[in-house]
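Written below as C-alpha coordinates is the structure these notes are about.
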Amino acid sequence: MVTNLMINQLKLPADYFPQVYIVDDDEAVRSSIIELISSMGFQAIGFASAEDFISKTDRQICGCVLSDLRMLGCNGIELLKLMKSKGYEIPFIILSAYVDVTNTVAAMSEGALTVLEKPYPEQELWDCIITAILLNSEQRQGRSWLWEFQKKEKRLTQAESEVLKLLLKGCSNKSISHLLELSQRTIVMRRKSILQKFEVENLIDLTKLITKAQSIQKQLLPWPSMVDTDSFQQDS
(Lines give C-alpha, C1' and ligand atoms only; values in the text may rest on other atoms or scores of the structure.)
Protein backbone atom coordinates (compact mmCIF):
# COMPACT_ATOMS: atom_id res chain seq x y z
CA MET A 1 0.00 0.00 0.00
CA VAL A 2 1.23 3.48 -0.88
CA THR A 3 1.77 5.75 2.12
CA ASN A 4 2.10 9.51 2.56
CA LEU A 5 5.82 8.99 3.16
CA MET A 6 6.16 7.23 -0.19
CA ILE A 7 4.30 10.08 -1.90
CA ASN A 8 6.69 12.59 -0.32
CA GLN A 9 9.59 10.53 -1.64
CA LEU A 10 8.37 11.08 -5.21
CA LYS A 11 10.11 14.47 -5.02
CA LEU A 12 7.59 16.25 -7.21
CA PRO A 13 8.36 19.87 -8.19
CA ALA A 14 7.42 22.40 -5.51
CA ASP A 15 5.07 24.18 -7.91
CA TYR A 16 3.32 20.99 -9.05
CA PHE A 17 0.05 20.20 -7.26
CA PRO A 18 -1.51 17.12 -8.88
CA GLN A 19 -5.10 16.08 -8.42
CA VAL A 20 -6.82 12.83 -9.33
CA TYR A 21 -10.03 13.33 -11.31
CA ILE A 22 -12.53 10.48 -11.08
CA VAL A 23 -15.24 10.26 -13.73
CA ASP A 24 -17.83 7.57 -12.96
CA ASP A 25 -21.63 7.63 -13.04
CA ASP A 26 -21.82 5.15 -10.14
CA GLU A 27 -21.86 7.34 -7.02
CA ALA A 28 -20.83 4.51 -4.70
CA VAL A 29 -17.81 3.59 -6.83
CA ARG A 30 -16.87 7.24 -7.27
CA SER A 31 -17.04 7.94 -3.54
CA SER A 32 -15.04 4.82 -2.72
CA ILE A 33 -12.20 5.80 -5.06
CA ILE A 34 -12.19 9.38 -3.80
CA GLU A 35 -11.96 8.17 -0.20
CA LEU A 36 -9.11 5.80 -1.02
CA ILE A 37 -7.08 8.38 -2.92
CA SER A 38 -7.69 11.10 -0.33
CA SER A 39 -6.49 8.78 2.44
CA MET A 40 -3.19 8.42 0.62
CA GLY A 41 -2.42 12.12 0.45
CA PHE A 42 -3.64 13.21 -2.99
CA GLN A 43 -6.60 15.46 -3.58
CA ALA A 44 -9.37 13.66 -5.46
CA ILE A 45 -12.34 15.21 -7.24
CA GLY A 46 -15.34 13.27 -8.55
CA PHE A 47 -17.59 13.84 -11.56
CA ALA A 48 -20.82 11.99 -12.34
CA SER A 49 -20.37 12.18 -16.10
CA ALA A 50 -17.93 13.07 -18.85
CA GLU A 51 -20.00 16.14 -19.62
CA ASP A 52 -19.76 17.26 -15.99
CA PHE A 53 -15.99 16.83 -16.06
CA ILE A 54 -15.56 18.85 -19.26
CA SER A 55 -17.81 21.65 -18.03
CA LYS A 56 -15.95 22.05 -14.72
CA THR A 57 -12.31 21.65 -15.77
CA ASP A 58 -9.94 23.09 -18.35
CA ARG A 59 -6.83 21.98 -20.25
CA GLN A 60 -4.51 23.33 -17.53
CA ILE A 61 -5.38 20.67 -14.94
CA CYS A 62 -2.60 18.36 -13.77
CA GLY A 63 -2.35 14.94 -12.17
CA CYS A 64 -4.36 12.18 -13.85
CA VAL A 65 -7.88 11.19 -14.84
CA LEU A 66 -9.57 7.91 -13.87
CA SER A 67 -12.63 7.26 -15.99
CA ASP A 68 -15.16 4.48 -16.17
CA LEU A 69 -15.57 3.02 -19.65
CA ARG A 70 -19.34 2.58 -19.79
CA MET A 71 -21.31 5.64 -18.70
CA LEU A 72 -24.56 7.26 -19.66
CA GLY A 73 -23.96 9.83 -22.37
CA CYS A 74 -20.30 10.16 -23.32
CA ASN A 75 -18.31 7.00 -22.52
CA GLY A 76 -14.70 6.83 -21.36
CA ILE A 77 -13.10 6.56 -24.79
CA GLU A 78 -15.30 9.35 -26.15
CA LEU A 79 -14.24 11.49 -23.19
CA LEU A 80 -10.60 10.82 -23.99
CA LYS A 81 -11.14 11.87 -27.61
CA LEU A 82 -12.95 15.01 -26.50
CA MET A 83 -10.17 15.92 -24.08
CA LYS A 84 -7.57 15.55 -26.82
CA SER A 85 -9.58 17.76 -29.16
CA LYS A 86 -9.76 20.44 -26.46
CA GLY A 87 -6.03 20.31 -25.74
CA TYR A 88 -6.00 18.53 -22.38
CA GLU A 89 -2.57 17.10 -21.60
CA ILE A 90 -3.04 14.78 -18.64
CA PRO A 91 -2.61 10.99 -18.32
CA PHE A 92 -5.87 9.09 -18.71
CA ILE A 93 -6.64 5.74 -17.07
CA ILE A 94 -9.75 3.73 -17.92
CA LEU A 95 -11.45 1.57 -15.29
CA SER A 96 -14.03 -0.97 -16.40
CA ALA A 97 -15.71 -4.23 -15.50
CA TYR A 98 -16.11 -4.86 -19.24
CA VAL A 99 -12.54 -5.04 -20.47
CA ASP A 100 -11.93 -6.86 -23.73
CA VAL A 101 -9.38 -6.71 -26.53
CA THR A 102 -11.47 -4.37 -28.67
CA ASN A 103 -12.03 -1.60 -26.14
CA THR A 104 -8.53 -1.99 -24.70
CA VAL A 105 -6.97 -1.47 -28.14
CA ALA A 106 -9.34 1.44 -28.82
CA ALA A 107 -8.44 3.12 -25.51
CA MET A 108 -4.69 2.66 -25.91
CA SER A 109 -4.84 3.83 -29.53
CA GLU A 110 -6.44 7.06 -28.37
CA GLY A 111 -3.66 7.61 -25.84
CA ALA A 112 -4.94 6.07 -22.60
CA LEU A 113 -2.11 5.27 -20.22
CA THR A 114 -3.65 1.93 -19.29
CA VAL A 115 -6.92 0.05 -18.81
CA LEU A 116 -7.70 -1.53 -15.43
CA GLU A 117 -10.31 -4.23 -15.05
CA LYS A 118 -12.72 -3.96 -12.12
CA PRO A 119 -12.34 -5.19 -9.47
CA TYR A 120 -8.67 -4.31 -9.27
CA PRO A 121 -6.21 -4.63 -6.36
CA GLU A 122 -5.70 -1.30 -4.57
CA GLN A 123 -1.94 -1.58 -5.07
CA GLU A 124 -2.38 -1.97 -8.83
CA LEU A 125 -4.54 1.16 -8.92
CA TRP A 126 -1.97 3.05 -6.90
CA ASP A 127 0.90 1.91 -9.09
CA CYS A 128 -0.98 3.28 -12.10
CA ILE A 129 -1.77 6.58 -10.36
CA ILE A 130 1.84 7.10 -9.27
CA THR A 131 3.08 6.26 -12.77
CA ALA A 132 0.58 8.71 -14.28
CA ILE A 133 1.47 11.55 -11.91
CA LEU A 134 5.21 11.10 -12.41
CA LEU A 135 4.64 11.06 -16.17
CA ASN A 136 2.48 14.18 -16.01
CA SER A 137 5.06 16.00 -13.91
CA GLU A 138 7.82 15.05 -16.35
CA GLN A 139 5.75 16.08 -19.36
CA ARG A 140 4.84 19.44 -17.85
CA GLN A 141 8.50 20.14 -17.14
CA GLY A 142 9.34 19.08 -20.67
CA ARG A 143 6.66 21.32 -22.14
CA SER A 144 7.88 24.24 -20.06
CA TRP A 145 11.37 23.63 -21.43
CA LEU A 146 9.96 23.51 -24.98
CA TRP A 147 8.19 26.83 -24.48
CA GLU A 148 11.51 28.41 -23.51
CA PHE A 149 13.12 26.79 -26.54
CA GLN A 150 10.39 28.19 -28.77
CA LYS A 151 10.91 31.69 -27.38
CA LYS A 152 14.55 31.52 -28.41
CA GLU A 153 13.68 30.12 -31.84
CA LYS A 154 11.22 32.95 -32.46
CA ARG A 155 14.00 35.47 -31.94
CA LEU A 156 15.67 34.28 -35.14
CA THR A 157 15.17 36.30 -38.28
CA GLN A 158 14.06 34.51 -41.43
CA ALA A 159 17.57 34.90 -42.81
CA GLU A 160 19.07 33.33 -39.68
CA SER A 161 16.60 30.44 -39.86
CA GLU A 162 17.73 29.71 -43.41
CA VAL A 163 21.35 29.60 -42.28
CA LEU A 164 20.49 27.40 -39.29
CA LYS A 165 18.75 24.79 -41.44
CA LEU A 166 21.80 24.57 -43.69
CA LEU A 167 24.15 24.36 -40.72
CA LEU A 168 22.13 21.45 -39.34
CA LYS A 169 22.53 19.68 -42.67
CA GLY A 170 26.28 19.86 -42.17
CA CYS A 171 26.97 22.64 -44.65
CA SER A 172 30.11 24.70 -44.13
CA ASN A 173 30.14 28.48 -44.01
CA LYS A 174 31.65 28.47 -47.49
CA SER A 175 28.98 26.22 -49.00
CA ILE A 176 26.19 28.20 -47.31
CA SER A 177 27.71 31.37 -48.70
CA HIS A 178 27.58 29.85 -52.17
CA LEU A 179 24.03 28.48 -51.80
CA LEU A 180 22.59 31.75 -50.49
CA GLU A 181 24.80 33.94 -52.69
CA LEU A 182 26.09 35.86 -49.69
CA SER A 183 29.55 36.69 -48.43
CA GLN A 184 31.20 34.34 -45.94
CA ARG A 185 31.45 37.26 -43.53
CA THR A 186 27.65 37.61 -43.59
CA ILE A 187 27.23 33.89 -42.90
CA VAL A 188 29.71 34.05 -40.01
CA MET A 189 27.83 36.99 -38.49
CA ARG A 190 24.48 35.23 -38.82
CA ARG A 191 25.92 32.07 -37.32
CA LYS A 192 27.23 34.06 -34.37
CA SER A 193 23.83 35.71 -33.89
CA ILE A 194 22.08 32.30 -33.96
CA LEU A 195 24.32 30.94 -31.22
CA GLN A 196 23.80 34.05 -29.10
CA LYS A 197 20.01 33.87 -29.40
CA PHE A 198 19.99 30.21 -28.35
CA GLU A 199 22.48 31.05 -25.58
CA VAL A 200 25.00 28.39 -26.60
CA GLU A 201 28.70 28.62 -27.40
CA ASN A 202 28.96 26.41 -30.47
CA LEU A 203 27.02 24.48 -33.09
CA ILE A 204 27.51 21.16 -31.29
CA ASP A 205 25.74 22.51 -28.20
CA LEU A 206 22.97 23.92 -30.38
CA THR A 207 22.53 20.55 -32.10
CA LYS A 208 22.20 18.89 -28.69
CA LEU A 209 19.61 21.48 -27.72
CA ILE A 210 17.53 20.83 -30.83
CA THR A 211 17.85 17.06 -30.43
CA LYS A 212 16.57 17.39 -26.87
CA ALA A 213 13.60 19.43 -28.11
CA GLN A 214 12.76 16.77 -30.69
CA SER A 215 13.05 14.02 -28.07
CA ILE A 216 10.73 15.81 -25.65
CA GLN A 217 8.30 16.48 -28.48
CA LYS A 218 8.03 12.77 -29.25
CA GLN A 219 7.50 11.92 -25.58
CA LEU A 220 4.57 14.32 -25.41
CA LEU A 221 2.69 12.62 -28.24
CA PRO A 222 -0.10 11.71 -28.87
CA TRP A 223 -1.32 14.80 -27.03
CA PRO A 224 -1.43 18.00 -29.11
CA SER A 225 1.74 20.08 -28.94
CA MET A 226 2.19 23.83 -29.09
CA VAL A 227 5.78 23.59 -30.33
CA ASP A 228 6.73 22.26 -33.75
CA THR A 229 10.36 21.18 -33.64
CA ASP A 230 10.00 19.31 -36.95
CA SER A 231 11.09 22.51 -38.68
CA PHE A 232 14.57 21.78 -37.33
CA GLN A 233 14.60 18.14 -38.47
CA GLN A 234 17.95 17.22 -39.91
CA ASP A 235 18.10 15.27 -43.15
CA SER A 236 19.00 11.61 -42.67
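The values are calculated or read from the model by the stated rules, or taken from the named source; none is laboratory data. These figures come from a predicted structure and were not determined experimentally. For neighbour counting, all protein chains shown are included, and Cβ atoms are generated from backbone atoms with ideal geometry for every residue, glycine included.
Quick notes on this one:
- Test: residue in the stretch 20-31 that is among the aromatic types (F, W, Y) and either part of a helix (DSSP H, G or I) or at pLDDT below 90 (or both): no
- Condition met for L167 (without any contact (Cβ under 8 Å) to a residue 40 or more places away in the chain, under 23 Å from I216 (Cβ atoms) and in the same structural domain as I216 (by TED's automatic domain parsing)): yes
- Test for I194: is it at pLDDT below 95, within 19 Å of K151 (Cβ to Cβ) and crowded, with 16+ Cβ neighbours inside 10 Å: no
- There is no residue in the stretch 37-46 that is over 21 Å from the mean Cα position of the chain (by Cα), farther than 29 Å from S144 by Cα and modelled with pLDDT of 90 or more.
- Only one entry in T114, T102, T57 is of a type in the set (S, T, Y) and loosely packed, with under 13 Cβ neighbours inside 10 Å, namely T102.
- Among residues of the stretch 121-139, those that are surrounded by fewer than 18 Cβ atoms within 10 Å (Cβ to Cβ) and out of contact with any strand residue (DSSP E or B) (no Cβ under 7 Å at 6 or more places or on another chain), counted: 9
- Members of the stretch 66-104 that are of a type in the set (A, V, I, L, M) and in contact with a Lys or Arg (Cβ under 7 Å, 6 or more places away or on another chain): L95, A97
- Any chance T186 is out of contact with any helix residue (DSSP H, G or I) (no Cβ under 6 Å at 6 or more places or on another chain), β-branched (V, I, T) and over 30 Å from G76 (Cβ atoms): yes
- Residue in the stretch 41-48 that is within 28 Å of Q123 (Cα to Cα), touching a residue at least 60 places away in the same chain (Cβ under 8 Å) and surrounded by 15 or more Cβ atoms within 10 Å (Cβ to Cβ) present: yes
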